[in-house]
Amino acid sequence: MGRKKAVLSVNGKIRDLHSLPGHYGWFTALTSFLPGLFIVLVWIIFGSNLVDNFTLAALGDEIRSLSNFDRALYMNDIHNLAIGDAISRPLTNSLNNATNFYLRTQNNLLWIFTLSAIGVSSLLAIFSFRKISPELRSRNLVERLIIIMLVISSSIAILITIGIVSSLIVETLRFLEHVSLSEFLLGLKWSPQTALRADQVGSSGSFGAIPLFTGTLLITFIALLVAVPVGLFSAIYMTEFASPNARIFFKPLLELLAGIPTVVYGFFAALVVAPVIRNSGEVIGLEIASESALAAGLVMGIMIIPLISSLSDDVISSVPQSLRDASYGLGATKTETIVNVILPSALPGIVSAFLLAASRAIGETMIVVMAAGMAANLTANPLEAVTTVTVQILALLTGDQEFDSAKTLSAFALGLALFTITLFLNFIALKLVRKYQEQYD
Amino acid sequence: MDKTTVQELIQPTIKARNVDVYYGETHALMGIDLDIAPKTVTALIGPSGCGKSTFLRCINRMNDTIPSCRMTGKITLDGEDIYSKNIDVVQLRAKVGMVFQKANPFPKSIYDNVAYGPRIHGLAADDKDLDEIVFSSLQRSGLWNEVKDRLDKSGTALSGGQQQRLCIARTIAVNPEVILMDEPCSALDPIATAIIEELIADLKERFTIVIVTHSMQQAARLSQKTAFFHLGKILEFGDTSEIFTNPRVEKTKDYITGRYG
Ligand SMILES: Nc1ncnc2c1ncn2[C@@H]1O[C@H](COP(=O)(O)OP(=O)(O)OP(=O)(O)O)[C@@H](O)[C@H]1O
Ligand SMILES: [Mg+2]
């Protein structure tokens with residue numbers, strides 16, 4: 001509409017307009033639609049609170065003077081009655097009246113909001129429509145509106161991250177009231193069972209996180225040992241040797257691995273890989289636990305192969321063709337070219353792929369729960385059962401918990417520690433990627 | 001002895017006979033016959049897309065790296081068929097070096113750039129030997145004085161003209177017989193171009209040079225022989241002085257006088 005008027009106002013001579021006709025259209029649409037949307041959002045978020053407050057205000061003093069808890073119960077009954085649900089007290093006249101009032105208020109407010117949304121929108125629509133003239137710099141206005149929307153979206157993401165991190169930090173500080181930092185970071189024993197009664201065995205629990213982190217490192221290390229060579233070599237094969245047809249066939253197959261849910265990997269590890277390892281251990285006379293770091297690590301390695309191979313694939317294929325030509329032109333063989341030119345050029349990108357894969361492995365829970373167990377052993381032997389940070393967080397928070405026991409709070413401390421580590425890894429990875437991108441400009 | 005007999009006595013280094021090249025369906029070269037004499041500069045000129053680069057890349061078999069590319073016909077280097085089964089491509093490319101249109105130094109140090117070829121071909125007996133090769137290659141490409149105190153700095157940090165001379169140094173470090181150059185100066189300013197032209201004039205004392213160029217002046221200044229390519233065929237080939245003063249084919253005349261199109 002705005003667009004049409006803009007075009008009409010210059011008798012169809014688009015060149016006389018300050019901005020493109022489309023901008024005028026967007027200008028009208030955005031200025032009228034956004035405030036309306038804002039009002040609707042206000043209703044969705046604050047609407048029910050508003051209705052409750054109105055109802056409370058209308059209720060007599062006896063209800064208002066009740067304790068917080070009882071008042072909430074009373075309001076709850078009103079809500080339930082309003083939608084025809086069971087209520088917790090005999091139906092009295094006053095309750096009935098209150099409910100009716102509640103319903104009326106709800107209805108009225110809904111109307112008010114709807115009408116004001118429509119009203120504001122159309123008022124603004126008329127207003128902006130009238131403002132349209134060839135001189136109006138609607139292009140700049142639209143640009144500014146769009147920028148504001150983008151800023152809002154990105155600040156939401158940032159705010160959420162800050163919120164999560166700060167809640168982690170606060171809870172971790174509360175945990176540190178129970179357990180000292182040095183015990184948490186340097187303690188060698190993890191057994192978070194705090195007893196309910198002080199005279200029970202193990203009433204204090206021990207919160208040394210070292211076994212968890214070594215377990216995490218051990219499994220991650222095994223996983224990388226599997227995934228790095230396989231992923232990297234398959235990326236090299238894909239980019240340098242595979243014919244286009246083979247590439248079309250193999251690449252989706254590899255990426256299929258990335259689409260398998262981790263739970264499936266988990267029972268694959270527990271039901272197939274672990275028994276195979278145990279049996280082959282028996283053959284050579286080794287005692288191997290049925291839950292072992294090796295099984296979990298191997299399967300986790302398989303899981304992160306596609307991550308490594310597709311990221312490395314990207315960096316290897318972005319090595320400029322001219323460098324390959326230069327090397328071939330000097331009489332280098334394919335292998336010499338790969339080893340001497342392509343891999344060194346792609347190295348920062350490849351390393352960052354490894355780091356991203358490592359942080360993925362560190363955060364993985366399901367496979368470890370199913371294949372490596374829950375026992376917090378401090379060991380470097382891949383044939384024993386170990387546990388990881390994420391698995392312990394899971395164990396700590398499943399089931400009924402008191403919210404401020406050291407046991408529950410330790411989950412936050414673990415989470416924060418884990419977050420710091422992966423953040424650090426990702427940070428290095430990003431730095432490397434950036435360095436790599438600058439190289440060819 | 002008159003002129004023709006002298007020419008017949010000198011064996012051409014490269015001999016192309018009836019060369020056809022296809023990229024998939026595209027017929028890029030048709031029936032190319034060309035003799036390239038030793039220790040001369042041969043210029044390949046012609047409008048864009050006529051197949052000059054394609055022909056150049058046939059001579060060191062760089063087209064092997066393009067999957068869709070197919071070639072028929074025969075090219076010999078010193079009498080040996082370079083497309084025969086028992087030719088080692090690696091050996092061939094050590095004998096026939098190539099300098100590309102856009103300077104493409106490796107993201108390595110200047111020293112490592114020049115040492116790359118000698119290292120993979122095992123040309124240096126020891127480190128001192130390698131130093132010597134690097135030194136003389138940089139010397140001959142006229143780059144030595146500019147880079148002698150920063151051999152360990154990255155080759156990509158040099159200026160465009162210096163990078164191109166580094167690529168030439170890298171090529172002559174493997175001591176080839178033939179150097180192919182595909183528009184080596186097209187990305188350079190006139191001063192850098194003049195330096196490289198001087199360098200090419202020097203290099204022809206030791207190497208056979210085939211150069212693709214879009215600059216008529218450059219072809220006239222540098223080369224002894226010129227081949228005019230047009231739509232995948234060679235329309236005219238002969239002494240540069242002949243072609244530029246007295247072209248036999250009308251199209252050649254139009255092209256070199258700038259009336260082509
Ligand atoms: N890799 C390729 N794949 C398919 N076709 C190609 C390829 N390289 C070149 N061609 C085609 O072959 C023909 C000759 O190309 P060539 O690069 O040899 O031309 P040129 O004479 O070097 O041109 P210019 O002066 O622009 O560099 C062109 O029609 C081009 O489209
Ligand atoms: Mg070309």
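The values are calculated or read from the model by the stated rules, or taken from the named source; none is laboratory data. Just so it is clear, the structure is predicted and the values come from calculations on it, not from any experiment. Note that each Cβ is placed from the backbone with ideal geometry, even for glycine, and that neighbours are counted across all protein chains shown.
Tabulated results
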read-out: Helices (runs of 4 or more DSSP H) lying entirely in region B:146-261 (those with 2 or more residues that are within 16 Å of ligand 1 (Cβ to nearest atom) and more than 14 Å from chain A (Cβ to nearest Cβ)); value: B:216-222, B:250-256
read-out: Residue count, region B:95-136 (criterion: away from every other protein chain (no Cβ under 12 Å), among the aliphatic types (A, V, I, L, M) and over 22 Å from B:V147 (Cα atoms)); value: 1
read-out: Subset of region A:270-311 [crowded, with 23+ Cβ neighbours inside 10 Å and either within 14 Å of chain B (Cβ to nearest Cβ) or of a type in the set (S, T, N, Q) (or both)]; value: A:S292, A:S309
read-out: Test: B:I75 is more than 16 Å from ligand 2 (Cβ to nearest atom), of a type outside the set (G, A, S) and at pLDDT below 90; value: no
read-out: Filter result for the condition that a residue is among the hydroxyl-bearing types (S, T, Y), in contact with a Phe, Trp or Tyr (Cβ under 7 Å, 6 or more places away or on another chain) and within 14 Å of chain A (Cβ to nearest Cβ), over B:S68, B:S53; value: B:S68
read-out: Residues being in contact (Cβ under 8 Å) with a residue 60 or more places away in the chain, within 8 Å of ligand 1 (Cβ to nearest atom) and more than 15 Å from B:H214 (Cα to Cα) - total across region B:23-49; value: 2
read-out: Residue within region A:123-146 that is touching a strand residue (DSSP E or B) at 6+ places or on another chain (Cβ under 7 Å) and not β-branched (V, I, T) present; value: no
read-out: Residue in region B:52-65 that is within 8 Å of ligand 1 (Cβ to nearest atom) and surrounded by fewer than 18 Cβ atoms within 10 Å (Cβ to Cβ) present; value: no
read-out: Answer residue from region B:52-102, given it is small (G, A, S) and out of contact with any Asp or Glu (no Cβ under 6 Å at 6 or more places or on another chain) and is farthest from B:I234 (Cα to Cα) among those; value: B:A94
read-out: Qualifying residue in region B:83-94 (condition: more than 11 Å from ligand 1 (Cβ to nearest atom), part of a strand (DSSP E or B) and within 14 Å of chain A (Cβ to nearest Cβ)); value: no
read-out: Total residues in region B:50-90, condition free of Cβ contacts under 8 Å to residues at least 40 places away in the same chain and farther than 30 Å from B:R259 by Cα; value: 16
read-out: All helices (runs of 4 or more DSSP H) inside region A:312-381 with 2 or more residues being more than 14 Å from chain B (Cβ to nearest Cβ) and touching a helix residue (DSSP H, G or I) at 6+ places or on another chain (Cβ under 8 Å); value: A:343-363, A:366-371
read-out: Residue in region A:175-190 that is part of a helix (DSSP H, G or I), at pLDDT 80 or above and within 29 Å of A:N49 (Cα to Cα) present; value: no
read-out: Subset of region B:42-60 that is closer than 23 Å to B:K95 by Cβ and of a type in the set (S, T, Y) - its residue that is farthest from ligand 2 (Cβ to nearest atom); value: B:T42
